[in-house]
Number of protein chains: 2
Amino acid sequence: MTTIDDVARAAGVSVSTVSYALSGKRPISASTRERIEAAVRELDYRPHAGARALASARTNVLALMAPLRVDVNVGVIMQFVTGVVTQAQTYHHDVLLLTQDDHAGVERVAAGSMVDAVIMMDVEADDPRLPILRRQRQPAVLIGLPRDTAGFSCVDLDFESAARSAVDHLLRLGHRSIALVGSPQAVLDRHTTYAARMVRGFTEEAARAGVAAVFEPCESSHSGAVAAVDRVLTRLPGVTGIVVHNEVALPAVLATLRERGRSVPDDISVVAVCPTDVAVGQPQQLTSVDIPATAIGGVAVDMAMARLDGTQLAETRLISPVLTARATTGPAPA
Amino acid sequence: MTTIDDVARAAGVSVSTVSYALSGKRPISASTRERIEAAVRELDYRPHAGARALASARTNVLALMAPLRVDVNVGVIMQFVTGVVTQAQTYHHDVLLLTQDDHAGVERVAAGSMVDAVIMMDVEADDPRLPILRRQRQPAVLIGLPRDTAGFSCVDLDFESAARSAVDHLLRLGHRSIALVGSPQAVLDRHTTYAARMVRGFTEEAARAGVAAVFEPCESSHSGAVAAVDRVLTRLPGVTGIVVHNEVALPAVLATLRERGRSVPDDISVVAVCPTDVAVGQPQQLTSVDIPATAIGGVAVDMAMARLDGTQLAETRLISPVLTARATTGPAPA
DNA sequence: CTATGGTGTCGAAGCGCTTCGACGACCGAG
DNA sequence: CTCGGTCGTCGAAGCGCTTCGACACCATAG
């Protein structure tokens with residue numbers, strides 16, 4: 001292994017000069033810098049991460065706690081992860097991947113000074129990991145919105161507002177009888193707040209407009225989707241507009257509607273709440289409210305970095321939803 | 001931060017004694033050990049990862065290079081990742097997530113001594129990352145099979161054999177006219193070898209049995225699946241058995257067959273090559289050859305660890321396929 | 001009773017890097 | 001000219017941990 005000593009010797013300067021030349025934290029003459037850079041290239045020098053972490057109390061690594069269960073919307077998770085990793089790169093940070101249920105993970109990694117900050121996905125209302133996270137000295141960013149955000153930076157899509165805009169879109173098209181096919185019961189039971197926020201936005205907006213509205217949770221499987229659609233059709237036979245907030249069940253929901261003799265969008269309009277690429281990847285291009293997962297992941301990193309260099313305090317940021325009308329919504333049938 | 005010094009002082013022993021008590025690398029009397037453990041608990045001591053890495057040349061971190069593109073079989077990737085992370089935990093290792101196309105990533109992370117080993121997914125025949133990987137001192141494990149495996153441990157499903165067993169299953173049911181709907185052309189062009197190995201196994205086995213066989217690549221989208229099925233139906237109108245090696249297109253392939261008036265399995269039998277959970281998550285339970293992604297990820301970690309403690313040389317391990325008959329295959333129509 | 005060999009513990013030397021304080025050299029201002 | 005101030009560089013002190021060699025102690029064998 002070539003060390004900073006080797007570089008210093010090769011360039012004929014002291015170790016500290018090399019360090020300063022490389023970090024730019026003190027002025028170094030052009031000629032010296034060039035000699036050092038040449039030596040670095042020549043010797044293919046790469047600083048030892050551990051030594052650097054020890055001396056500088058910075059690791060250039062971020063912890064990302066992601067739900068690696070396969071049952072839920074894998075694609076969306078992947079997009080968050082991609083957003084985080086990609087944005088981290090621009091800050092010269094790497095990403096340490098922790099699994100959701102490895103509670104000791106955060107502690108190990110943060111208390112052991114392996115990371116500069118922690119980003120946590122899929123936060124529940126009273127997430128048991130939050131107290132642990134709070135007592136670490138590294139800043140933490142949550143993707144999601146717990147009951148008590150004190151001390152944390154939070155970022156998420158404004159799901160309440162997403163629900164409202166989906167409902168408004170249907171209202172403007174004249175629909176007076178609408179339904180929400182949402183997350184699996186397990187997700188609601190876990191008090192993952194995006195699911196609840198979605199339901200609240202949907203219910204409130206429908207109530208405000210005085211239209212008939214039902215909500216049905218939906219398991220993420222073919223049979224779950226069939227069951228959910230049938231429950232909706234039973235409870236609200238005259239339904240003409242459906243908001244679907246469940247990427248996995250989406251295709252099955254559409255298929256089931258067709259099977260039950262309802263044509264989309266002639267009999268029933270469908271608005272999905274999902275990443276754009278899944279909305280346009282279906283046989284029918286779906287009207288959808290985008291979940292900008294990659295972008296949110298990126299923002300999470302930005303917030304973590306801002307906290308790190310002290311330019312910003314903890315804050316909560318809710319991203320405004322954007323609805324794009326495509327082929328699955330139309331005027332309510334007469 | 002509490003350091004090993006604090007613990008030593010609290011327990012009334014020297015720093016080295018604490019280190020040995022914690023690592024178990026030298027015998028320590030029961031009474032001393034207990035005092036030390038008490039102090040550790042009391043002070044909530046957590047060793048500094050960087051310091052440890054510096055002193056011991058071990059980081060307890062693994063690099064995992066995964067294709068975070070969203071276009072391909074996200075679910076499968078996730079399963080590999082899960083397998084790796086989970087198994088790494090049993091060896092007290094964490095996982096640093098690198099993206100496929102960050103070529104500099106391996107070098108940065110390995111040359112900078114951030115990781116003890118590297119695991120690389122989605123390897124191409126002449127992968128440009130391999131030379132870089134070869135010149136690092138850390139062992140590397142590939143999930144996949146490049147042309148030249150020298151110096152690497154490799155693990156993958158035996159796709160050739162998987163294709164054979166899918167074909168054999170169809171042959172035994174009397175099918176004499178079969179097709180393979182496979183990976184997207186882009187994957188083949190990239191020379192990702194699993195795709196090619198699959199095609200080879202399929203083609204050879206069909207030829208050996210003297211049955212009519214066609215192969216069609218298939219884009220991972222609804223329209224891609226429709227097109228691929230139609231191409232198959234055109235080239236081989238009498239086809240009665242189809243092997244599908246494309247998780248994403250799977251539902252659309254089945255839907256298209258139905259739309260073209262072919263009933264499964266009465267007119268056409270379908271064998272999928274995919275993880276079991278996607279095979280049973282479809283409206284119809286699919287006969288499938290399992291891709292044991294989680295297990296393979298775990299094996300990759302095992303191999304990396306075995307290399308690390310020198311108990312094993314580099315080797316290639318191909319996992320034998322297991323076919324499970326379910327609802328989508330039946331006797332060839334008369 | 002001495003030689004022998006475990007056991008259990010300690011001190012000190014690094015591991016490779018950052019950073020602080022110091023110090024010449026050189027500049028322009030007075 | 002001299003004085004203060006930059007600029008560019010250096011030496012040394014850690015950062016927190018592991019590990020090597022040394023050594024004291026005790027039990028057993030000769």
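A few comments on the model shown:
- Flag for B:ALA55 being surrounded by fewer than 18 Cβ atoms within 10 Å (Cβ to Cβ) and within 16 Å of DNA strand D (Cβ to nearest atom): yes
- Criterion (open to solvent by 80 Å² or more (accessible area, probe 1.4 Å), within 14 Å of DNA strand C (Cβ to nearest atom), of a type outside the set (S, T, N, Q) and over 39 Å from the mean Cα position of the chain (by Cα)) met by exactly one of B:ARG26, B:ARG35: B:ARG35
- Residues of the range B:123-169 classified as open to solvent by 30 Å² or more (accessible area, probe 1.4 Å), in a loop (DSSP other than H, G, I, E, B) and not hydrophobic (A, V, I, L, M, F, W, C), total: 9
- Any hit, the range B:302-311, residues being outside the structural domain of B:ALA150 (by TED's automatic domain parsing) and open to solvent by 10 Å² or more (accessible area, probe 1.4 Å): no
- Residues of the range A:57-80 satisfying the condition of being facing chain B (nearest Cβ under 9 Å) and near DNA strand C (Cβ under 8 Å from one of its atoms): A:ALA57
- Top-ranked residue of the range A:12-23 - restricted to ones that are within 9 Å of DNA strand D (Cβ to nearest atom) and open to solvent by 40 Å² or more (accessible area, probe 1.4 Å), ranked as farthest from the other protein chains (Cβ to nearest Cβ): A:GLY12
- Evaluating B:VAL243 against the criteria (1) farther than 19 Å from B:VAL187 by Cβ; (2) touching a strand residue (DSSP E or B) at 6+ places or on another chain (Cβ under 7 Å) leaves one unmet condition, (1).
- Residue tally, condition open to solvent by less than 50 Å² (accessible area, probe 1.4 Å), of a type in the set (A, V, I, L, M, F, W, C) and assigned to a helix (DSSP H, G or I), over the range B:285-301: 5
- Test: residue in the range B:37-47 that is of a type outside the set (A, V, I, L, M, F, W, C), more than 8 Å from DNA strand D (Cβ to nearest atom) and facing chain A (nearest Cβ under 10 Å): yes
- Taken over the range B:1-11, the criterion of being more than 7 Å from DNA strand D (Cβ to nearest atom) and open to solvent by 60 Å² or more (accessible area, probe 1.4 Å) is satisfied by B:ARG9, B:ALA10.
- Every residue from the range A:170-182 that is in contact with a helix residue (DSSP H, G or I) (Cβ under 7 Å, 6 or more places away or on another chain) and surrounded by fewer than 24 Cβ atoms within 10 Å (Cβ to Cβ): A:LEU171
- Tally, over the range A:1-45, of residues that are touching a residue at least 40 places away in the same chain (Cβ under 8 Å) and among the aliphatic types (A, V, I, L, M): 3
- Hits in the range A:87-110 (condition: polar (S, T, N, Q), under 13 Å from A:GLY298 (Cα atoms) and at the interface with chain B (Cβ under 7 Å from one of its Cβ atoms)): A:GLN89
- Flag for A:ALA186 being closer than 17 Å to A:ASN246 by Cα, touching a Cys at 6+ places or on another chain (Cβ under 9 Å) and outside any strand (DSSP E or B): no
- Output for the range B:1-19, where each listed residue is over 23 Å from A:GLU107 (Cα atoms) and near DNA strand C (Cβ under 10 Å from one of its atoms): B:ALA11, B:GLY12, B:VAL13, B:SER14, B:VAL15, B:SER16, B:THR17
The values are calculated or read from the model by the stated rules, or taken from the named source; none is laboratory data. Worth saying up front: this structure is predicted, and the values here are computed from it rather than measured. When we count neighbours, we look across all protein chains shown, and the Cβ atoms used for this are built from the backbone with ideal geometry, even at glycine. For the accessible areas, the whole protein counts, side chains as well, though only heavy atoms, and no ligand, DNA or RNA atoms are used. Shrake-Rupley method; radii C 1.70, N 1.55, O 1.52, S 1.80 Å.
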